[in-house]
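Note sheet for the following structure.
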Number of protein chains: 2
Amino acid sequence: MSNRYVERIESIRDMMRERGWDAVILTGGDPHASEYPAARWKQVEWVSGFTGEAGDLVITQDHAGLWTDTRYFIQAVSQLAGTGVQLHKLRIPEAVPIPEWLSAWPFTEASAPDWLRIAVDGLCFGTQSARQLEAAFGDRPMEIVSVPDLLAPLWTGRPPVPATPVLTLGDELVGESREQKLSRLRKFLLREGCDAIFLSALDEIAWLLNVRGADVDYNPVVLSYLMVTLDGAEWYVRKDPPLTDEETVDSFYELNADGIRIRDYSDWETDLSGSGDLDGLDRIYVDPATLGLHLGGRLSANGLGASILEGPSPIPLWKALKNPVEIDGMPDAHLEDGLAMEQFLFWLEKAVTTGREITEWDASEYLDECRGRIAGYRGNSSETFSAYGENAALPHYVTPREGSALLRPSGLYLVDSGGQYLFGTTDITRTIPLGPCSELEKEDYTRVLKGHLALAMAIFPRGTAGCQLDALARTALWQARRNFGHGTGHGVGFFLCVHEGPQDIRQNFNPQPILPGMITSDEPGIYREGLHGVRHENLLLCREDAPNEFGRWLSFETLTLCHFDTSILIPGILDREETDFLNTYNERVFRTLSPRLPSDVAAWLRRKTLPV
Amino acid sequence: MSNRYVERIESIRDMMRERGWDAVILTGGDPHASEYPAARWKQVEWVSGFTGEAGDLVITQDHAGLWTDTRYFIQAVSQLAGTGVQLHKLRIPEAVPIPEWLSAWPFTEASAPDWLRIAVDGLCFGTQSARQLEAAFGDRPMEIVSVPDLLAPLWTGRPPVPATPVLTLGDELVGESREQKLSRLRKFLLREGCDAIFLSALDEIAWLLNVRGADVDYNPVVLSYLMVTLDGAEWYVRKDPPLTDEETVDSFYELNADGIRIRDYSDWETDLSGSGDLDGLDRIYVDPATLGLHLGGRLSANGLGASILEGPSPIPLWKALKNPVEIDGMPDAHLEDGLAMEQFLFWLEKAVTTGREITEWDASEYLDECRGRIAGYRGNSSETFSAYGENAALPHYVTPREGSALLRPSGLYLVDSGGQYLFGTTDITRTIPLGPCSELEKEDYTRVLKGHLALAMAIFPRGTAGCQLDALARTALWQARRNFGHGTGHGVGFFLCVHEGPQDIRQNFNPQPILPGMITSDEPGIYREGLHGVRHENLLLCREDAPNEFGRWLSFETLTLCHFDTSILIPGILDREETDFLNTYNERVFRTLSPRLPSDVAAWLRRKTLPV
């Protein structure tokens, strides 16, 4: 069964010998530095069978290795069995990352090359990864061979570049027209002394042009590149002619009327060479963090005579600071999402307590059904994590369609999910006691909730960064010598990626302050292998409070609307303020949702939200 | 009265014209990057009359300016009146620091020099400051003229380089011999490919050689430089011959026997020129953070043929990680210091309640008297901050000897002080209700104490840095939209500087983790102009806890032994754990100290430490 992978690795080795490459690196990314790649770019999976979200492959003549982190060790061992690919562990103390591993190549051995040639897929391999690789080698002789679509000669039946319908969002939904956004960007370019910017990041392009698509799972983006100049914009997007879907035709027409020229996905290459439609550019701004190596090379050696200025894109911060219309839309999204969640939770409790045989998969399907009834629903914002008992302790558990665990009337069930709506994006995690729970389950549940509430209730001075708030969500766990290994919060887009920057709430030193208008998740957890997992997640909107003699103050408004179960809380762990905050929240959930819930669900929710 | 300063500035301008300097920068520092300079290097004070701890002067022909931060604005305005020196404010949003101010020199004006010559005292001006200055100028034409002892021709009656007795500390006090420490340092040099290190920082030298002095106020250090080679060490120290004090003679004899050659304070200059006693060095390690510009120049252009490797000194971290003997000594220091503090507080309460007329100064004097009775006391670790009522809101209030405020039986009195002992260093702040207090005073007192306790009680995973813990001490204030503008905690030396690195607990992103063996202060506060100030400070020793499935755990042991007054706590603000922790602490203070206190003080302390 795994012979397929052995064969593929051998065919790569044949190609390496033919072309004189000593090593090949294949990454899990796409040409746009996306969080999830479309099927076309799942090169690591095609070569090795490994399906984890983070994993890079290195192949030499006598070694094939997969580098991944703690989250995927178990999965990697199982999926790589029989392929000959060895697991290299990252995020452990003795970790040797790829650049260090390759740069330790024994140049001194007689058989070793005196000049190491490392081939990469130049489209997907990032400019910054290339720099890290070069830095690790220092003076040792090495060359990175950038090959666009390196696997093309071997991968038959490879999925094409996705081309789903393109829709445009009106100003009444997004609050700022593309003209206004482009004008902001052009002012930025003038300040930087540039007359163009080249964008690769799909959510930056989607935000800027007020377009959405479905080219990447869960991320409503359109596969494309964008060159914005001071008086125009070239959008390189693959939509095969003839265009058969009305929506895309309308969108392209609208964009064209706004001065955005629609070009073919690969036209950037001709344009940058100087033989295409672009010229007269002096200085192009690019963000190396989202730039593929091949593209970066074409930009540096462009045939337009333009110089390059590297710097961080201003768009992530603009995108993170939601405008008033986006801020008004998000509560609608959370209201609709909350109604779906409460109907799901009502169904779940009834099913489990009445002895119906439902599985993790059934639950996940029913939740999709509830969200699917919402007008404006455009799919989920992430893969639904639906896990019962010990499965919930596996950080990247994927609920199998067949044979997933049966939900029994005891212990904890964890569901992490979210929806994409035309008027916002949601992300919510609830941990549900399905029946009697152990004392440890109860204490973990209570302490994680205490941490969640401490962050949700936080008031903090302007200028505070997420890493300075992270401890608030952890103290309740730390004091009992418990912890969790993931971040506490990530930025959330507006009908865009459910994970976005530049802010986050985690232990890493990200200096970006949390600012008014940012939406960030609050999701502490705890995971006990073989026992259970707990996570509580709401989305928080940062608001400005009244200033006083001590400065300017910020706080959070909880956007998510879905009650927290209070039945297994251990008394005495939450303090008075936390208990009040929880009761007020549950009461707000009831008052906001109950008028639109069926009467049996509303009556059930009344009982669920009585104060503790 | 201020004519003196006008004259001095004019005499500097005369010198500038003679020598062709366009600007002179004078900093408040000494040649060793010390926190406090000895009197000889209080150049800013001599020129301008400004006595604040942070302040730099720039003099040109038509401008004289003092750059200082928010803490000293009021003081600067008052002390600079009549001198013609203008205040330039730092740490405000529109601040223009010296490098930016000077680099904005109008080169385009007809009268402007085409090549700006900026003179600095090359001994005291730091290498890194010079680099910042150069960076600000970029391509604009500028030259830094490094003049050792720039003010020497003008400053008659200038204090000499201090030369107090040198004492050595035995291994039974410090736990690691100088041979062991030198051996650690030499191994470090070998790893770095160096055969020597040049040290300027006085506390690094004192720690390494196990020597102490009294050359700088509050810092028990010896003014000196040190060159450590792989097989020897040259200690450049000013102790005028003939040596008349027995202690110094004994110390020098002991050091010499250990292979440390005693040299004159200025001999480093001849040695580095190659005409002295050093030769055969290939590569000298230096830390630019503590290196004077003149010395840096002499090192770079040394006549020994040695190259220079710049990097951070390893000594601050070694020094911060207290060894078992130091850890054993610190509780003794805190026991003795606690006995002095409790006797002082007993006296204070009695004096105030019986209507004796005592002032802030009297209180400070009496506290010194209590500490002075301790065997092994070597002076204070910082200037005692003794402030009543609204004076306690002034962050750098200096209690005047004459006319300081009378302590009345109402409101809050704040005392921040500490002692240097042969067996440790202390630093403690108590805020004392002298009688009836306002509700605001009570709430501020309670919330600051809640913040202090939250940090003191913290349990946290290994790897956590101070900036990740800082919020714990602030949350109780933030939730009431209150804050304080200083750091929460600083490292503390062992019978050394009361402020040391590399760790701290503050909002700045200092990535240094808090590690077992480090001693750090915990001193949140709140300051209300015109009303009152509150600060509660204990020293915390970081200890390793038992590891578990979630990782390795650290926590704090409170070293300071002196009760917290509970009489004005507002009920309901401290939670159960905080109240328990406070009661346990006060009980420990009583049990530890009472056997050694006079019976009336012990009986009083019993009442003061009853549980709340």
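Can you say whether A:Thr520 is away from chain B (no Cβ under 14 Å) and closer than 29 Å to B:Gln512 by Cβ, as far as the supplied structure shows? Yes: the conditions hold for A:Thr520. Pairing each residue of the stretch B:244-265 that is aliphatic (A, V, I, L, M) with any residue that is part of a helix (DSSP H, G or I), provided the two are 6+ apart or on different chains, yields C-beta distances under 8 Å for B:Leu255/B:Arg178; B:Leu255/B:Leu209; B:Ile260/B:Arg178; B:Ile260/B:Leu209; B:Ile262/B:Phe252; B:Ile262/B:Leu255; B:Ile262/B:Asn256. The residue of the stretch B:578-612 that is surrounded by the most Cβ atoms within 10 Å (Cβ to Cβ), among those that are within 15 Å of B:Thr446 (Cβ to Cβ) and either within 14 Å of chain A (Cβ to nearest Cβ) or of a type in the set (Gly, Ala, Ser) (or both), is B:Glu578. Within the stretch B:29-52, if we keep just the residues that are closer than 13 Å to B:Leu66 by Cβ and in a loop (DSSP other than H, G, I, E, B), the residue that is modelled with the lowest pLDDT turns out to be B:Gly52. Summed over the stretch B:442-463, the residues that are open to solvent by less than 10 Å² (accessible area, probe 1.4 Å), part of a loop (DSSP other than H, G, I, E, B) and touching a Pro at 6+ places or on another chain (Cβ under 6 Å) give a count of 0. Tallying residues that are more than 9 Å from every other protein chain (Cβ to nearest Cβ) and assigned to a strand (DSSP E or B) within the stretch A:544-560 yields 6. Checked against (1) farther than 28 Å from A:Leu348 by Cα; (2) more than 8 Å from chain B (Cβ to nearest Cβ); (3) in contact (Cβ under 8 Å) with a residue 40 or more places away in the chain, A:Asp504 passes all but a single condition, namely (3).
One line per residue, one yes/no per condition, for (1) without any contact (Cβ under 8 Å) to a residue 40 or more places away in the chain; (2) within 14 Å of another protein chain (Cβ to nearest Cβ); (3) under 30 Å from B:Thr164 (Cα atoms):
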residue: B:Thr354; (1), (2), (3): yes, no, no
residue: B:His396; (1), (2), (3): no, no, yes
residue: B:Leu412; (1), (2), (3): no, no, no
residue: B:Asp416; (1), (2), (3): no, no, yes
residue: B:Leu455; (1), (2), (3): no, yes, no
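Total residues in the stretch A:433-453 satisfying the condition of being within 14 Å of another protein chain (Cβ to nearest Cβ), in contact with a helix residue (DSSP H, G or I) (Cβ under 9 Å, 6 or more places away or on another chain) and over 18 Å from A:Arg543 (Cα atoms): the figure is 5. If you go through the stretch A:47-70 and pick out every residue that is open to solvent by 10 Å² or more (accessible area, probe 1.4 Å) and within 19 Å of A:Gly20 (Cα to Cα), you end up with 3. Taking the condition at the interface with another protein chain (Cβ under 8 Å from one of its Cβ atoms) and in a helix (DSSP H, G or I), does A:Thr475 pass? The answer is yes for A:Thr475. Name the residues in the stretch A:497-532 that are open to solvent by less than 10 Å² (accessible area, probe 1.4 Å), within 25 Å of A:Glu204 (Cβ to Cβ) and over 17 Å from the mean Cα position of the chain (by Cα), would you? Of everything in the stretch A:497-532, those that are open to solvent by less than 10 Å² (accessible area, probe 1.4 Å), within 25 Å of A:Glu204 (Cβ to Cβ) and over 17 Å from the mean Cα position of the chain (by Cα) turn out to be A:Ile514, A:Gly517. Here is a list of conditions, (1) open to solvent by less than 30 Å² (accessible area, probe 1.4 Å); (2) within 14 Å of chain B (Cβ to nearest Cβ); (3) touching a strand residue (DSSP E or B) at 6+ places or on another chain (Cβ under 7 Å); (4) under 19 Å from A:Glu443 (Cβ atoms), and A:Arg535 meets all of them except one; can you say which number that is? That leaves (2) as the condition not met.
The residue pairs whose first member lies in the stretch A:196-213 and is more than 14 Å from A:Arg186 (Cβ to Cβ) and of a type in the set (Asp, Glu), whose second member is part of a helix (DSSP H, G or I) and open to solvent by less than 10 Å² (accessible area, probe 1.4 Å), and whose beta carbons are closer than 6 Å, counting only pairs six or more residues apart or on different chains, are A:Glu204/A:Ile315. Residue-level check: of (1) assigned to a loop (DSSP other than H, G, I, E, B); (2) without any contact (Cβ under 8 Å) to a residue 24 or more places away in the chain, B:Phe484 misses just (2). Residues in the stretch A:13-26 that are assigned to a loop (DSSP other than H, G, I, E, B) and surrounded by fewer than 22 Cβ atoms within 10 Å (Cβ to Cβ): 2 in all. The stretch A:177-277 holds helices (runs of 4 or more DSSP H) entirely within its bounds, and those carrying 2 or more residues that are touching a Ser or Thr at 6+ places or on another chain (Cβ under 7 Å) map to A:202-209, A:246-257.
Looking across B:Arg408, B:Arg430, B:Arg378, B:Arg401, one residue alone is surrounded by 19 or more Cβ atoms within 10 Å (Cβ to Cβ) and either of a type in the set (Lys, Arg) or within 14 Å of another protein chain (Cβ to nearest Cβ) (or both). It is B:Arg430. Report whether or not A:Ala76 is touching a Gly at 6+ places or on another chain (Cβ under 7 Å), open to solvent by less than 40 Å² (accessible area, probe 1.4 Å) and not basic (Lys, Arg). Considered against the rule, which asks whether it is touching a Gly at 6+ places or on another chain (Cβ under 7 Å), open to solvent by less than 40 Å² (accessible area, probe 1.4 Å) and not basic (Lys, Arg), A:Ala76 comes out as yes.
Taking the stretch B:344-375 as the range and being farther than 18 Å from B:His532 by Cβ, touching a Leu at 6+ places or on another chain (Cβ under 7 Å) and open to solvent by 10 Å² or more (accessible area, probe 1.4 Å) as the test, only B:Glu357 passes.
What tally of residues in the stretch A:554-574 results from selecting those that are closer than 22 Å to A:Lys442 by Cα and in contact with a helix residue (DSSP H, G or I) (Cβ under 8 Å, 6 or more places away or on another chain)? Of the residues in that region, 11 qualify. Selection of the stretch A:294-320 for residues being touching an Asp or Glu at 6+ places or on another chain (Cβ under 7 Å), free of Cβ contacts under 8 Å to residues at least 60 places away in the same chain and part of a loop (DSSP other than H, G, I, E, B) yields A:Leu304, A:Pro312.
For the stretch A:478-496, how many residues are away from every other protein chain (no Cβ under 11 Å), open to solvent by 20 Å² or more (accessible area, probe 1.4 Å) and at pLDDT 95 or above?
The total comes to 1.
Does the stretch B:324-347 contain at least one residue that is free of Cβ contacts under 8 Å to residues at least 24 places away in the same chain and part of a loop (DSSP other than H, G, I, E, B)? No, there is no match, as no residue in the stretch B:324-347 is free of Cβ contacts under 8 Å to residues at least 24 places away in the same chain and part of a loop (DSSP other than H, G, I, E, B).
Looking across the stretch B:403-419, the residues that are outside any strand (DSSP E or B) and under 26 Å from the mean Cα position of the chain (by Cα) come down to B:Ser404, B:Gly418. Taken together, A:Asp264, A:Asp203 contain a single residue that is in contact with a Lys or Arg (Cβ under 8 Å, 6 or more places away or on another chain), surrounded by fewer than 22 Cβ atoms within 10 Å (Cβ to Cβ) and closer than 24 Å to A:Arg40 by Cβ, which is A:Asp264.
Conditions (1) closer than 21 Å to A:Ser382 by Cα; (2) within 26 Å of the chain's Cα centre (by Cα), marked per residue:
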position: A:Ala163; (1), (2): yes, yes
position: A:Leu167; (1), (2): yes, yes
position: A:Gly175; (1), (2): no, yes
position: A:Cys194; (1), (2): no, no
position: A:Asp203; (1), (2): yes, yes
position: A:Leu223; (1), (2): yes, yes
position: A:Gly232; (1), (2): no, no
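The values are calculated or read from the model by the stated rules, or taken from the named source; none is laboratory data. As the structure is a computational prediction, the values presented were derived from the model and not from experiment. We place every Cβ from the backbone using ideal geometry, glycine too, and count neighbours over all the protein chains shown. Heavy atoms of the whole protein, side chains included, go into the accessibility calculation; ligands, DNA and RNA do not. Shrake-Rupley method; radii C 1.70, N 1.55, O 1.52, S 1.80 Å.
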